[in-house]
Amino acid sequence: MFDPIAIIGSACLLPGANNPDALWSIALHKQSAIGHAPIERQFPQQSHTPWPHDLGGYITDFNTPQDGLDNAFHWLHYVTNHAFNNAGVNPAE
């Protein structure tokens, strides 16, 4: 009915997990990736005292593009390159 597929590489960029191994570690150890907003993403008046309502899942190791690309496109490009690298494929080839 359906042709078989093979998953040869994986990648993710989620709160608390910037790769699949980190994601599995969070799940295995039943940890939470919910936390306070990073200082650089808080409003100036709250920069020293976390507010209870600033809890969320924040991706902290992803830089906003400086080249004018849309954030969603930049995120997709970043994760896709990591998936290719995980599979041992050079995306430039």
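Rounded to the nearest 0.05, what FRET efficiency is calculated for Val89 and Asp3 with R0 set to 22 Å and r the Cβ-Cβ distance? Computed FRET efficiency for Val89 and Asp3 comes out at 0.60.
Per-residue 3J(HN,Hα) values for region 23-29, derived from phi via the Karplus relation 6.51 cos²θ - 1.76 cosθ + 1.60 with θ = phi - 60°, read 4, 5, 5, 4, 5, 4, 8 Hz in sequence order (x marks Gly and Pro).
Read-outs: derived from the displayed coordinates by stated rules, not from any lab. None of the values given here were measured: they were computed from a predicted structure. Neighbour counts run over all protein chains shown; Cβ positions are idealised from the backbone, glycine included.
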